[in-house]
Amino acid sequence: MSSAPQQVVRILHVDDNRDFADLTKTFLERENDRFTVETAINPDEGLERISDRPPDCVVSDYNMPDTDGIEFLCALREEYPDLPFILFTGKGSEDVASEALRADATDYIQKQSGSEQYELLANRIQNAVSQYRSKIQLRETKEEYVTVFEGALTGLLLVDVEPDGFRYQRCNPRAIELIGRDREDIVGSTPSEVLGTKNGKKVCGAYRKCIECREPVKYTLTLDFPDGQAVRPGRVTPIELDGEITQLVVSFYDDSEAQQQRETLERQNDLFSKAQDLASVGAWEYDIQEDQTSWTRQVYEIHNQPEDVPIDDEAVLELYHPDDREKIQETFTSPSKTVESYDLELRLQPTDGETRWVSIRGQPQVVDGEVVRVRGAIQDITEKKERVQEILELKQQYQTLSENIPNGAVFLFNENIQYERARGKELSKVGLSPDEIESATPHDVFPTELAEELTRYFTEALNGNSNTFTQTLGEDIYRNRVVPVEISDEPTNYGLALTQNVTEQIERRRELERQNEQLEEFTSIVSHDLRSPLQVADGRLELLEHECESDHIDDLSRALDRMDALIEDLLTLAREGEQVNEIEEVELTNAATNSWQTTNTEQATLETDTSCVFEADRSRLRQLFENLYRNAIQHGGDEVTVSVGEMDGGFYVADTGSGIAKSDREKVFEAGYSAAGEGTGFGLRIVKQVCVAHGWEITTTESELGGARFEITDVEKSK
């Protein structure tokens with residue numbers, strides 16, 4: 001058996017001669033490698049060090065400026081009356097020695113020449129510290145004894161064994177309560193004086209038997225009280241010191257309390273059983289000598305087996321996954337040889353066919369070096385396994401996401417504002433690696449201004465707040481999102497920072513803004529600078545019609561109308577684009593009919609009969625129908641028939657016109673395309689934009705009568 005590790009002895013040496021103090025420290029630590037010596041150059045410094053952390057022993061010089069060693073000792077004793085204090089001085093006299101001992105110094109040593117004085121000092125220190133620690137240990141032991149004795153829930157009596165009988169030397173509060181007498185009546189009295197003659201003889205007989213057998217003896221007393229009798233089961237135990245029994249310890253209790261304890265135990269067992277149910281845990285035992293296995297109800301439930309069926313080892317083995325059966329046989333075939341506890345995770349395949357994971361723990365019970373039984377528990381850990389698998393999947397997803405986030409990186413930081421994890425391709429682009437960042441703070445990695453801002457937002461996240469902000473590093477702009485990492489109801493100890501290089505996005509946005517400005521300028525030119533001369537030309541043409549007749553006037557009028565239509569379509573394309581404004585529920589038949597009434601349809605016919613309802617921007621939907629109607633009339637003639645109906649995933653608009661050639665079905669949606677050479681060539685482009693703005697798809701095909709059919713799909717219809 002290895003000995004307990006030796007304790008370090010901390011020594012404070014107070015001496016105004018620093019050189020001598022350093023020399024003493026060197027010799028003492030050389031004499032005993034467990035010594036650790038600190039030095040102080042005056043008593044004031046010594047008292048300050050002692051108040052911070054009391055040493056195991058104080059060694060002090062006598063003759064020092066301002067305060068001598070005796071005065072230092074007196075000051076020390078006010079706060080530390082038992083701390084070892086050795087006066088180690090060059091002023092040797094009986095007066096100094098007597099004065100030191102009267103002031104309660106532990107020892108007195110006169111400084112001598114040569115190294116032998118340090119060996120003597122080391123021995124005196126060791127002895128003083130050993131006695132000091134023994135005194136402390138004894139005091140603590142006594143305090144523990146008193147605490148246990150006085151606070152025991154059973155009645156306790158300490159009995160002195162005398163030549164002519166027994167006498168109670170001590171009793172605890174519970175004993176006073178159970179006996180029904182005052183402490184003064186019990187302590188110093190004999191059993192007969194306390195319990196009465198009959199009970200006194202009975203307990204004295206038990207006490208003598210305990211001494212003769214040198215082992216505990218049980219007995220039971222019946223005490224009389226004003227409100228009836230009470231049973232007091234007791235137990236007397238000998239206290240043997242150097243082979244002689246000089247005292248006995250008696251413990252006794254109220255039997256009614258024992259009944260309450262039994263009821264409490266039953267409730268606890270019931271609670272334990274319910275706890276097993278909640279935790280899906282069952283207990284089992286295998287008695288090797290009897291070759292008998294016992295299961296609790298929960299074990300039967302975990303195996304999905306009825307409790308009234310005897311336990312068959314072979315049948316139970318069949319309930320487990322084939323790949324786990326060999327492991328089970330190796331563990332349970334020779335349990336008497338397995339003295340180590342074990343913990344297995346196995347797959348269970350009960351009769352319901354659902355594979356579940358269980359944890360089986362076993363603890364062998366050894367008597368005289370032999371395993372006599374094995375006790376253990378089994379727990380359904382299927383949910384735990386699933387959670388572990390989910391965590392692994394999430395971890396893989398996190399790693400994949402963090403390492404592949406476009407132009408970005410992910411940082412996990414702790415409550416000390418230190419990075420614990422860093423991932424992302426952007427790290428290498430700025431000359432950093434995960435190893436450089438992990439365990440560092442923002443101030444270790446980034447410029448001061450950025451680091452202070454990051455620290456502020458990280459602190460906000462640890463307080464439960466999220467923030468989004470941008471920063472500039474070099475010539476690049478980064479958008480940062482800092483959020484708290486919340487784990488159930490626990491305090492927030494971690495935060496997550498996601499950063500992405502948005503320099504290109506911002507440059508593209510600025511370029512788009514420039515393009516939008518150019519587009520606004522273009523639409524302004526189209527709307528005003530082109531339309532105004534056109535209006536003038538249209539007015540001049542009307543005057544010209546009154547002044548002369550010419551075949552060219554009609555051609556000129558049609559050309560001006562075409563130019564006006566071109567301008568309208570160009571403005572629609574530029575201003576509306578691929579966007580929608582107010583989304584609301586619309587009825588297909590109603591929307592189609594209203595759009596027909598606002599379109600110049602000549603003698604054309606509209607056919608529609610559907611109750612289809614879906615969500616759309618009513619204004620932009622009207623643009624879609626009006627342009628499809630105009631397209632049908634333009635290519636099918638004034639008497640064309642247009643049908644609007646419902647289909648799977650959307651609706652269609654079909655006509656009886658000439659149709660669209662297969663080679664042109666994709667081109668018709670291009671800006672400026674016109675197969676007939678009429679119209680603006682922008683109408684179907686507008687239709688395409690309306691569909692894209694709503695998230696719909698549009699395709700062209702042939703109608704049943706050979707005309708064109710436009711099918712709009714991916715339309716989310718209302719229930």
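Each value in this text was obtained by applying a stated rule to the coordinates, not by laboratory testing. Just so it is clear, the model here is predicted, and its values are computed rather than measured. Cβ: placed from backbone, ideal geometry, glycine included. Neighbour counts: every protein chain shown.
For the pair residue 318 and residue 466 in one chain, pulling the backbone fully straight at 0.36 nm per residue adds 47.9 nm over the alpha carbon distance.
Between the amide H of residue 85 and those of 58, 106, 107, distances stay under 5 Å, these residues lying 5 or more places away or on another chain, with hydrogens modeled in the peptide plane.
If packing is taken as the average count of other Cβ atoms within 10 Å, what order do 359-370, 592-603 fall into, highest mean first?
Sorting 359-370, 592-603 by mean packing, highest first, produces 592-603, 359-370.
Extension gain, residue 16-residue 349: 0.36 nm per intervening residue step, less the Cα-Cα distance, totals 111.7 nm.
Remark: the residue 255-residue 714 segment gains 157.0 nm on full extension, using 0.36 nm per residue and subtracting the alpha carbon distance. FRET efficiency for the pair residue 494 and residue 183, taken as 1/(1 + (r/R0)^6) with r the Cβ-Cβ distance and R0 = 56 Å, rounds to 0.45. In terms of the mean number of neighbouring beta-carbon atoms within 10 Å, the peptides 172-183, 224-235 order highest first as 172-183, 224-235.
For segment 28-42, the Karplus equation 6.51 cos²θ - 1.76 cosθ + 1.60, evaluated at θ = phi - 60°, returns couplings of 5, 5, 6, 5, 9, 6, 8, 7, 10, 10, 10, 10, 9, 9, 7 Hz by residue, with Gly and Pro reported as x. When the Karplus curve 6.51 cos²θ - 1.76 cosθ + 1.60 is applied with θ = phi - 60°, which whole-Hz ³J(HN,Hα) does each residue of segment 586-595 get, with x for Gly and Pro? For segment 586-595, the Karplus curve yields 10, 9, 4, 4, 5, 5, 5, 5, 4, 5 Hz. Going down the list 25/135; 142/218; 384/429; 111/142; 327/385; 327/384, which pairs span over 30 Å between their C-alpha atoms? In this structure, 384/429; 111/142 lie more than 30 Å apart at Cα. For residue 39, the amide hydrogen comes within under 5 Å of the amide hydrogens of 13, counting only partners 5 or more places away or on other chains and with H modelled in the peptide plane. Across segment 173-183, rounded Karplus estimates of 3J(HN,Hα) from the backbone phi angles (6.51 cos²θ - 1.76 cosθ + 1.60, θ = phi - 60°) give x, 5, 5, 4, 5, 6, 7, x, 10, 6, 4 Hz, Gly and Pro being marked x. Remark on residue 320: its backbone amide H falls under 5 Å from those of 349, a criterion applied only to residues 5 or more positions apart or on other chains, H modelled at 1.01 Å from N. Would you mind getting me the FRET efficiency between residue 508 and residue 74? Use the beta-carbon distance for r and R0 = 56 Å, nearest 0.05. Once the sixth-power term is evaluated, E becomes 0.10. Here segment 17-34 is scanned for amide nitrogen atoms under 18 Å from the site 7 Å beyond the Cα of residue 115 along Cα-to-Cβ, giving 20-34.
For the listed peptides 150-159, 443-452, 656-665, a ranking on the average number of other beta carbons within 10 Å per residue, highest first, reads 150-159, 656-665, 443-452. The ranking of 648, 104 from fewest to most other beta carbons within 10 Å of each one's beta carbon is 648, 104.
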